[in-house]
Structure formats: structure tokens, C-alpha cells
Protein chains: 4
Amino acid sequence: MALTDELRELAAAVSNWGRWGDDDERGTQNLIDGAATRRGLDTVRAGRTRSLAVPLDQTSPQRGGAPGRIAPLRTMIGINQTYVPGPGEAAFNDDTVVMAMAAGTHIDALAHVTYDGFMYNGFPDSAVTAADGATRCGAQALGPILSRGVLLDLPAVKGVGRLETGYAITADDLDAAVAHAKVALAPGDVLLVRTGQVQLLHKGKVEAYNHDTSGLSVGTIEWIRRHDLGAVFTDTYVFEVWPPEDWGSMMPVHMIHLRDMGQIQGQNFDFEALAVDCAEEGRWEFLFTAAPEPFTGACSTPVNPLATF
Amino acid sequence: MALTDELRELAAAVSNWGRWGDDDERGTQNLIDGAATRRGLDTVRAGRTRSLAVPLDQTSPQRGGAPGRIAPLRTMIGINQTYVPGPGEAAFNDDTVVMAMAAGTHIDALAHVTYDGFMYNGFPDSAVTAADGATRCGAQALGPILSRGVLLDLPAVKGVGRLETGYAITADDLDAAVAHAKVALAPGDVLLVRTGQVQLLHKGKVEAYNHDTSGLSVGTIEWIRRHDLGAVFTDTYVFEVWPPEDWGSMMPVHMIHLRDMGQIQGQNFDFEALAVDCAEEGRWEFLFTAAPEPFTGACSTPVNPLATF
Amino acid sequence: MALTDELRELAAAVSNWGRWGDDDERGTQNLIDGAATRRGLDTVRAGRTRSLAVPLDQTSPQRGGAPGRIAPLRTMIGINQTYVPGPGEAAFNDDTVVMAMAAGTHIDALAHVTYDGFMYNGFPDSAVTAADGATRCGAQALGPILSRGVLLDLPAVKGVGRLETGYAITADDLDAAVAHAKVALAPGDVLLVRTGQVQLLHKGKVEAYNHDTSGLSVGTIEWIRRHDLGAVFTDTYVFEVWPPEDWGSMMPVHMIHLRDMGQIQGQNFDFEALAVDCAEEGRWEFLFTAAPEPFTGACSTPVNPLATF
Amino acid sequence: MALTDELRELAAAVSNWGRWGDDDERGTQNLIDGAATRRGLDTVRAGRTRSLAVPLDQTSPQRGGAPGRIAPLRTMIGINQTYVPGPGEAAFNDDTVVMAMAAGTHIDALAHVTYDGFMYNGFPDSAVTAADGATRCGAQALGPILSRGVLLDLPAVKGVGRLETGYAITADDLDAAVAHAKVALAPGDVLLVRTGQVQLLHKGKVEAYNHDTSGLSVGTIEWIRRHDLGAVFTDTYVFEVWPPEDWGSMMPVHMIHLRDMGQIQGQNFDFEALAVDCAEEGRWEFLFTAAPEPFTGACSTPVNPLATF
């Protein structure tokens, strides 16, 4: 069994196919208009900026993950290499890297997940090829994201260090966190859903970090659609809760978000220091900036996201 | 011959060693303080944002360049791959990449160039190793850059489509372009030096783009130091002029910028559309944002830089 | 137009589908039986051995070839790296490589070329997937090749240094070279077809080496099938003649060899020194050994082939 | 502490520096002369051949091993890719790979281990560079190996399935296995030392396979030197016993073999089926063939070794 009948009804109800035209490949990025960017910019006071990315190296969360998802291996192609012999010459250090696109902090291209033969907006799943990658809905269709970011600090709301392993986040949880953030959500806002799961990665417990994990439940899908969020990011590997709520429907949030809603989403963000910033500032809104790497055809792409207060 | 005596005097005169402490690995990023970020933010009106990166794929400018600097090769590790058999299941598209760190639009880490056995701030060049890369002054020491960006549109100033191949940009050229930009430079500003050279890359003429090329001359070094710029980026492959002004001193701007000044710099930016934006807006200043990818130990690192009006 | 009607008739006439069973994935390797191996061993006198491979490095013939076929880039992951501090400790040098499977001297797996939806022996072309590569007729189905090798020294027969660029080798050429080699071909023999084209690679003229090139014509297909050769290898990049004899039928030798005949073949072999050996020995037969690298799922695979006299 | 005084005396006693000239980079490959090759060839009867390699894929023993030693990741760069549109056209399957040189069955280049600033035959350890790898004693100095192979089936001698984890093989063990093999060793012979450890790899127990492990002890070094073996290969990851016999002297067999003796050696061979062959044949000698991949500058290199009866 794939999506249950009930989930298929939900998928149809929240679908954004055609909403921004038959050729649209940007999905909810369309919601991040000038007003959303302006709203983000208006939250900034001192200009203090923080990266929300995890380091890209062999400690990456993909280590030991899905087949082929290799952690970044950076190697030198020249160390203090001179091109002219003799003392005092310019010596160059150059390097190269091999990595899974989804190895660290990344944004999913909408082509990342398909079902029933289609990706977002009705493009056929054959639009992904070995030679060219995602010719539709790939990373080349993602643009820069500047919007108001809102941190939903679920552990703070619940008074715990991190959400319990395997906890399925509900729509009520999101409402409570929005109230805690003292923000009125607006279309195009970027939601940063903190679970605290990334603490396990900090401790080097990669497999425990990967799963089992707290994450978004199918019960949040309609809520996210109703709020017309520009993007939703989490500090987990799976994004949605694992083990799945129903083993018969695997990865339903990915399926409905990416394929039906065109919902921009991403994973392996790090919100630990940001949560401290927010608590210190007494506000959970800020300028959120993300400039996904422009890999042509990519199905996920690395990003170094920023929060600016 | 490496740096001439004259250039060694210049290097000593513009040196920033010790300026921000003996342990500093950030160089001129220290100049991008809250005031600089605030100054950048204050230029924004509508929030219109543009990427300044070239695509990351086999059209990369590194194709055919220095040995080992391979263009990004992205390959699929799963195409519409289901993990559960049967119709309607979630199908995943995943990919991986191998590339030179400097393959596309990138920022040089300060460890990229050394001479006389030292990198910036007196760290020994042995701080770069095969196993760990740049343990000092690597990409891990680069943080996010948010500052005021200023486009110096040299072709516009000179009334040409692009600077002549091999043209050595002078300090007077920079002064003229600042006047054209109607901006009073302030410490921590980010300078975007447009030559138009990237037009050759747009046309697929990779080797012609790479070199010969217009670029910064040694005559601009003191000027850049005097203005205390946070970073300087160009739309060329070499950054400085090629062929060199003096074949006896190869890559002197790299040597003095990176090793003596700790000057943050980068290459293969694309300012073509930005120049049109600026002309339309009638202003050449904007919020500049760059979040270099956090590769631990990297000597250059990919970045998708943004200009926001 | 793909294969002409005439070529389709030829393909049907030379087909080996079903000849070694419906599950066969080894094709003409089945012809290399104990007698063939024994025949090869019996040619050996002194045991002098020569490699027929080109070096695996950035000088590889794939440099600048088809998209994604990158030359081997070998990088160090540790240089004189000690794992215990102090003098006199063991210091390790370790490296890694990225390369196209077909970057250097290689054997094609039978899955390398398909048409009409099928690969050799009627396996569907869908047996090649992004996740697993060639699950049928991949390199895992290739075993070691030990047989009698016969050098067909076409330039020697024709009294030229190398075959003219674009020359289409005929069946008569092969007969003449067999006569020159003073060998009676037997089933399972391995044919090494020397054109001299690899001389261009030796001179660093990679693009000239790649094509245009002399190579096997469609007129040799029936001849090769009739002789029931175990494998056929050439010292060219394309294997068959380029430009094609008929632009309407591209790569017909690949199509019929790999897909219809299950003919083991390979490219970028180097027969220059071997030709000298053979002339010195006054014989053009020897023990041929090839142990293709056992990459699971590979569609081509590196090999370091040997000739032993 | 590195090598103890006693081991340094041993190293001096077994040293082959200068034995084959001051420029020699081939070490004990010099012992594999025409007589050795001829001796190997003379053992062959039917010509039955077996590969001694493990598969090159994500099941590689390097998975989870030393940092940077990544298992082979093979990806498709084209799947049934046609270059001309239309039905019936040639469709190509092409792939690429990234892997540690030592990922699977491999031969160590003599440059793999150095100490006191030198590699084999007194070449300075600075002969290994990031740009060029091992410019001395790299894989380019390895040639094809054809010699008599002798299987030392230690588990058979001891009447066990596999040697006990952590067992240190002694010179007496080797003598007993030679007697069991009914062979009089001669200079240039290739020794295949079976421990049975690879059975753990077959079962997917990669970490258990890697270590702890049975392996050669320092007590075998003089024995191996006295017999002037052309090469020594094992079916383990470490080659020598692990944990080390003396934690103060780590990897002493590697150090003395590679750096002092120039002893060709290799790891991750698979002798399980070979042991069955030998028992069936009632003989433990055969033609051993290895054609290491010719990666320029490599410090280890993949090989698909063969035994022919």
C-alpha cells in the first residue's frame, strides 16, 4: 500500500498543481514575494547573522546512511604547489570534493520525490535522466530565498531538551510554537521546526541522529498548506517522523509536500545556537536567507542558510 | 624571481598580520561589522534579489583549466527509486557530485596561497595537510558575509562592452568607477569589480574566458588596502590581470591579498544581469550576501552570492 | 534511421542469442574454453610479459571526450601520515580516485550498448538502473580471459606507420593480417587489431586520437562471427571506424557486436611495443591474459591486459 | 616508540636497499624473473582459472575503515542514452566510479609506507606529493606479476575453519603450511597466506573482518626474506596481526616489508574457493597472475589476481 485513500484525498485537497501556471517548477517559492522578503528584512535590527548549516566533512549525517549517499570527502590536488621553481614563489593550495548532494544541510529540489509517474505540477517522472538529472523541478529551478524566518522551538514549548525519539509533531504542536514565537504567520514565511534531534549529531551519534527520529506527522500537512509557507526546514535527517505513523504509507509527508504541494523543504539544519539567540532576543522571527548551490539538474542541493537579527 | 623588492615593500606596507590578533584567521572579514551589515540592509527597498553565481555543471570554467580542477560532474544514485515494491510508492531521485572546490563561483580561503613558508597572519604553510586540508585559514574560518555591495562597472565607465583582453585595471579606474557608482566607500564594503569577461563563458568559450584576461593590477593593491574593503570579487577566472604585468612576479595580487592582507576575494562571479539592474535602479549599491559552503579544511569553497535591492 | 534493413539482416544472421542458454550473460567468453586457454599457454616460451594498457591519469584518452567520461583524477588522502605522534613512526601514503569506467584501457560489458529495448540475449534494457547499474550483462558477468592472443598488425601488412585516419578496416585486411601472422585462427582466440592510432595519444594529441579514426567496418562483422573469436580489442578510442560508413547507422559494430553477438570487445589498448616484440620473435601469437576489474554493475571496466611470450 | 632496537636490527638485516641498484623502485618484483614465470606456467594443466578478488562495490571492506578510504561508488552517466533521436538507435550505458585505491583487493605500491623520512631504497618521503602522488615507488613502478603461486592454507594445516581472531602467524606456521603444500619454495614465488578471515566479509561483517584479525607476525619477516619471495598476499584487511604484538611498535611488518625489503604485498584477497580447488587438485601450486592497474603515482592499486591450474 502506498498512500491510503485518506491520504490521497488529502493530497488532492492540498495540491498546488496549476496554481502558478502549468509550467511552474518553483512551487511554494512563488509565495516568497517582495512583501515576504521585505517582511524578513524589517525584522533585522543589529544585523547579527548566524549560519544554520552543519559542517561539510566526514562527520556528515549521511555517513552510513542510504546507499550511495556518501559523506563529503575533500582531498588536496596541490599543497603549497609552486608553478615556477625557486624560493619565494606563490604556492597554491587547491582541493576537490566528492559528496552526496544531500550529504549535509540541503534543500530538496521538487524533483526529489515522485509517485504514480509524476512529479510536482504534473511533469512526468521521466524528466529525471542519468545523463541530465532533473530536467524539470531540479535545483536550477530553485532561486535564492529571502523571507521572514520563524523558529518553532518545540523543545522550549514542551520544556524538554529535545523531542522524544520517534515523536510525531502535530498541528497543535505547531500552533503552540507559533504562539510561543509571538508571531502572526503570513504567506511566504519560512518555518524552521526545531526538534533538538541535531544534538545527537553534535555528539557524533550519526546513526541515532538519522533514525529513529521525531519529525512532522501527516497531521501537519494541511496546517502547512493552510498557512501557505514559503519553505519548511527541520533539524533532522528524515524531515518527517520515523518510524512512519503507518508502515503501509512510507514517507507520506515527502510525497505530498514535494509532489503535490510543491512545498520547498530541507533537512539537517542546525537550530541549536539559533534557539539560544531567539531566547536572548525574546523574538523568534528574523531575516532568513538561503542561496542553494546552482547545480544544474540536482535533486537536492547544499545550502548554507542564514538567520539575521 | 618571486615578488620584486618593490612588491615586498608593498606587501609589508599593506600587511594586516596581527591587526586582529595573533590567532586571527578571518582577515578582512573582521571589517564587516554590524555597521557594515546594517549599511547593506539599509540600501534595500523592494527586496528584489539576484544570484551572482554561474551554473555548477560541466560548462564550468574549470573545464580544461589547471590539473585536477575538474568541472562538477553530478550523477544519479537513484532514479525514481522505490524502496517498497508496488504501484504508487514514493520514488526517490538522489544524486552525488565530484568537483574542484574552485570549479565555479567561489571564495578563496586565506590558506589558498602561501609564500616564504607562511600563510596569512604568520601561520606556517605546513598547516595544510593531505589528511585535513587547511587546518588554519580554511573555509571553516569563513563566515557569512552580509554587507553593502558596490558594483564597479568598469565597462560602463569606459563605454565598452567588456574590458579589453589582458587589460590591467588601475587604481584610477577604480576611482572612476566609484564616482560612477555615486557611492562613498566605507570600511567593510564588498567590491564587485565587473570586467565583462564572463560574457565569454556565456558563449561557451571557456579557454578564452580563462585567459588571457583583464583583471586587477598590482597598482590596485594599496587602493584596496586603503579602503579597507571587506571582500573583492571579480567576474574573471584569474582575478588579477593575465598575462602578468611582470613575468618574474607571477600572481602577485593573490600573494599579497591572501597572504599579507588577509583580503577575502573570489572569482567566477557573474555581474552581467546585475549591471543591468544597477543601471535600471540608477544605483550601484545593494545588500550583498554570501554564505560560503562550510567545507572543513577547504582552500576555496563554492558560494551562491546574492545582491538584493 | 538506425540499423538499415541490410544491417538488421546481418544482425539476425550473426546473433548468438540463446546459443549458450537463455540465461547466458557471458557471450563469446563461452568460446574461451580450456582448449583455448591451453592453446594460449602453449605459445609461451621464455615467459616474457608485456602490459598492453595505457597509463591511468589525467593524460587519459577520455579527457575532453563524451560528457561525464572524466579522466582518472587520483588524489592523496594522507601523505606520510602518522597515526601515533613521534619520530620513526610508520607514515602512510593513501589515495583515492575518480574516473570514468571507460577512461583508459577497458573492456565493454555486454550491457554497454542496447537497442530496440534489449541488450544481449534478450535481456530488457531496463536491467540497467541508476541504483544498481547493469544488473544483467555487467562487469560482474565478465570473468578472467586467458587464451591465445593473435596480433593483427595492419600497419605492418600495409607497410605504413599507422592506418590512415578514417580508414575502414575490411575483412580482406583481416585475412591478410592473419596470413602475415602465420596463424590458423581457432574458436576462442583473442584478436588484437593494431591500427597504430594510439601513437597520437603517445604524442598527447588526445582529440586527434579520439576521432576521426581508423577502425573496424561493418564488413568485418560476419568475418569475426565466422571465426568465433573470444574477444576483439583495438588500439583506438571508438573501436569502429569514424566517421561512420553511413551517417544513418551510427555505431553499427557496437550495436551488433555487443547486443546481437555478445562479442567481448575493448578499446584504448596499446599495441606499439607488442608489435616490436612480435616482429623480433617472428611470431604474432602469445598468451593473452585479461582480468577485468570486478565492479558490480559496471558497463565498462578497467583492465590491464597482458601478452606473454 | 616506533620500531624497537631489536626490530631496527631486523630491518637492517633484511634490507634490500641497493640490492638491485640505487635507482630500483621494483623491490622483490626483481625476483620474479623468467625462471619464476616459467615455473608458474609449468604448473598449469587444464588451464582452469579463478579470480582471487572481492567485488568492487559498496560492500567493500574499506566501508567504515580509515578516514577517506571510501568504498567504490559506481554511478551511471548515461542509461540507454541515445545520441540520435528515434527508434532503434544505439543506446549507451556508461558509468563512473569514485573509490579509495585500497578499497578492495589491491597491491601496495612500495611508497605506501615510509619512516625516518625515507621510503624503499632510500628515496626521500618527499617524493610523494599532493599534485603527483608517489613520483618514486608508485604503482607506475609495478609491472605485471606472473609467477608460481603457492597457497599456504593455514586453517587446513591447523584443522580449523579460520584462524582465531588476533592470531599471530609464526615462521613455524609457514613451514608447516609449506610442507602441507608439498612445495619446495624458490626465489620469486608468490605466497598466498590464507587465514580464512575473509569469511567474515562474505557474511557482511565488515568491521569484524577489518579488525581484530589474524595476520603475519614480526616473527615471519626473516623467514619471508630468507625465501626471497616475489610477493606475499593475504585474505585480510590489515595484512599483519591486529592488535599489534607490541602496541609500542605499530604496523612493523608494513614498515619493514615495504620500506626496508621492498617486499611486494597486498590485501583483501579471497582464497576461499582457491582452497577448495587446491584440495581437489591435491596440489597447492599454480600459475599466479596479477596485473595491477597502472595508476600513475598511486600508493596502492586495484588488482584482479588470478590462479590458473
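The values are calculated or read from the model by the stated rules, or taken from the named source; none is laboratory data. All values derive from a computational prediction rather than experimental measurement. All Cβ positions, even for glycine, are placed from backbone atoms using ideal geometry, and neighbour counts span all protein chains on display. Note: accessible area is taken over every heavy atom of the protein model, side chains too, but ligands, DNA and RNA are not part of it. Shrake-Rupley method; radii C 1.70, N 1.55, O 1.52, S 1.80 Å.
Answer rounded, prolate or oblate for segment D:181-260, using the Cα gyration tensor with square roots of eigenvalues a ≥ b ≥ c: rounded when a/c is under 1.5, else prolate when a/b is larger than b/c, else oblate. If you can, show how the numbers build up before the last one.
On the way: a/c = 2.54, a/b = 1.30, b/c = 1.95.
Taking the square roots of the gyration eigenvalues as a ≥ b ≥ c, segment D:181-260 is oblate.
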(message) Whole-Hz ³J(HN,Hα) for each residue in segment D:135-144, computed from phi via Karplus 6.51 cos²θ - 1.76 cosθ + 1.60 with θ = phi - 60°, x for glycine and proline: what do you get?
(response) 6, 10, 6, x, 4, 5, 8, 7, x, x
(request) Leaving ligands, DNA and RNA out of it, work out the accessible area of B:D246 with a 1.4 Å probe and give it in Å² to the nearest 10. (result) 60 Å²
(request) Take every DSSP beta bridge whose two residues both sit in segment B:170-309, then give the antiparallel share in percent to the nearest 5. (result) 35 percent
(request) Among the aspartates and glutamates, select those whose C-alpha is under 12 Å from the C-alpha of B:K182, and discard any that sit fewer than 8 residues away in the same chain. (result) B:D153, B:E285
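To the nearest 0.05, how large is the calculated FRET efficiency for D:T59 and A:Q58 if R₀ is 22 Å and r is the Cβ-Cβ distance?
Details: r = 20 Å, r/R0 = 0.90.
Computed FRET efficiency for D:T59 and A:Q58: 0.65.
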(request) Between the chain alone and the structure with every protein chain in place, find the residues of segment B:279-298 that drop at least 50 Å² of accessible area; heavy atoms, 1.4 Å probe. (result) B:E293, B:P294, B:F295, B:T296
(message) Only protein chains counted, 1.4 angstrom probe. Which residues of segment A:56-77 are at least 50 Å² less accessible in the assembly than when their chain is isolated?
(response) A:L56, A:G68, A:I70, A:L73, A:R74, A:T75, A:M76, A:I77
(request) Check the axis relating chain A to chain D and name the residue of A whose C-beta is nearest, distance in whole Å. (result) A:V98, 3
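R0 = 56 Å: FRET efficiency of B:R38 with D:Y83, Cβ-based, nearest 0.05?
In this case the efficiency is close to 0.55.
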(message) Can you work out the Karplus-derived ³J(HN,Hα) for every residue in segment C:117-131? Use 6.51 cos²θ - 1.76 cosθ + 1.60 with θ = phi - 60°, whole Hz, and x for glycine or proline.
(response) x, 10, 10, 3, 6, x, 5, x, 5, 6, 6, 9, 10, 5, 6
(request) Report the FRET efficiency, 1/(1 + (r/R0)^6), for D:R19 and C:A184, where r is their Cβ-Cβ distance and R0 is 51 Å, rounded to 0.05. (result) 0.65
(request) Please calculate the 1.4 Å probe accessible area of A:F118, with all protein chains present, and give it to the nearest 10 Å². (result) 80 Å²
(message) Run the label-point distances for C:Y83 please: 7 Å along Cα to Cβ, every other copy, nanometres, shortest first.
(response) 3.2, 3.8, 4.6
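In whole percent, how big is the carbon plus sulfur part of the accessible area of segment C:36-130, probe 1.4 Å, protein atoms only?
That share works out to 57 percent.
With +1 on each Lys and Arg Cβ and -1 on each Asp and Glu Cβ, how big is the dipole of segment D:1-159 about its Cα centre, in debye rounded to the nearest 20?
On the way: 14 positive and 18 negative charges, 161 e Å.
With only Lys, Arg, Asp and Glu charged at Cβ, the dipole is about 780 debye.
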(request) Could you pull the copy-to-copy label distances for C:R45, with points set 7 Å along Cα to Cβ, in nm to one decimal and sorted shortest first? (result) 2.8, 9.0, 9.3
(message) For a quick check of understanding: with a 1.4 angstrom probe and all protein chains in place, what accessible area in square angstrom does D:S15 have, to the nearest ten?
(response) 40 Å²
(request) Go through D:Y167, D:F309, D:A186 and say which Cα lies farthest out towards the positive end of the charge dipole of chain D; charges sit on Cβ, +1 for Lys and Arg, -1 for Asp and Glu. (result) D:F309
(request) Using only alpha carbon pairs under 8 Å that are at least six residues apart, calculate the relative contact order of segment B:136-267 and give it in whole percent. (result) 26 percent
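Given charges of +1 on the Cβ of Lys and Arg and -1 on the Cβ of Asp and Glu, with all other atoms neutral, how large is the dipole of the protein assembly as shown about its Cα centre, in debye to the nearest 20?
Details: 92 positive and 156 negative charges, 0 e Å.
The dipole magnitude comes to about 0 debye.
Counting only heavy atoms of protein chains, what accessible area per residue, in Å², does chain A have with a probe of 1.4 Å?
On the way: 9540 Å² over 309 residues.
Value returned for chain A: 31 Å² of accessible area per residue.
How much of the DSSP bridge set in segment A:79-200 is antiparallel, in percent, rounded to the nearest 5?
Counting DSSP beta bridges with both partners in segment A:79-200, the antiparallel share is about 55 percent.
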(message) Quick check for me: using +1 on Lys/Arg Cβ and -1 on Asp/Glu Cβ, what's the dipole size of chain A about its Cα centre, in debye to the nearest 20?
(response) 680 debye
(request) Can you spot the lysines whose alpha carbon is less than 24 Å from D:K203's alpha carbon? Ignore those fewer than 8 places along the same chain. (result) D:K158
(request) Taking a label point 7 Å out from Cα toward Cβ, give me the nm distances from A:P187 to the same spot in the other copies, shortest first, one decimal. (result) 4.6, 7.5, 8.7
(message) Residues of segment B:232-252 with the amide nitrogen closer than 20 Å to a label point 7 Å from the Cα of B:T170, along Cα-to-Cβ, please.
(response) B:240-247, B:252
(request) Between the alpha-carbon centers of segment B:251-293 and segment C:155-185, tell me the distance in whole angstrom. (result) 60 Å
(message) Counting only other chains, and only Cβ atoms inside 10 Å, what mean value do you get across the residues of A:146-159?
(response) 1
(message) Would segment D:9-65 count as rounded, prolate or oblate if I go by the C-alpha gyration tensor, calling it rounded below 1.5 in a/c and otherwise prolate when a/b exceeds b/c, oblate otherwise?
(response) oblate
(message) Quick one: the Cα spread of chain C along its three principal axes, in angstroms, biggest first?
(response) 72, 49, 40
(message) How many Å² of accessible surface get buried when B and C come together, counting both sides, probe radius 1.4 Å, rounded to the nearest 100?
(response) 900 Å²
(message) With every atom except the alpha carbons ignored, what do you get for Rg and Dmax of the protein assembly as shown, in angstroms?
(response) 31.6, 92
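Compute the length gained on full extension between B:K203 and B:E245: take 0.36 nm times their separation in residues and subtract their Cα-Cα distance, giving the result in nm to one decimal.
On the way: separation 42, 0.36 × 42 = 15.12 nm, distance 2.72 nm.
The span from B:K203 to B:E245 would gain 12.4 nm if fully extended.
I want the antiparallel fraction of DSSP beta bridges within the protein assembly as shown, as a percent rounded to 5. It would help to have the intermediate numbers written out before the result.
Details: 136 of 200 bridges.
Expressed as a percentage, antiparallel bridges in the protein assembly as shown total about 70.
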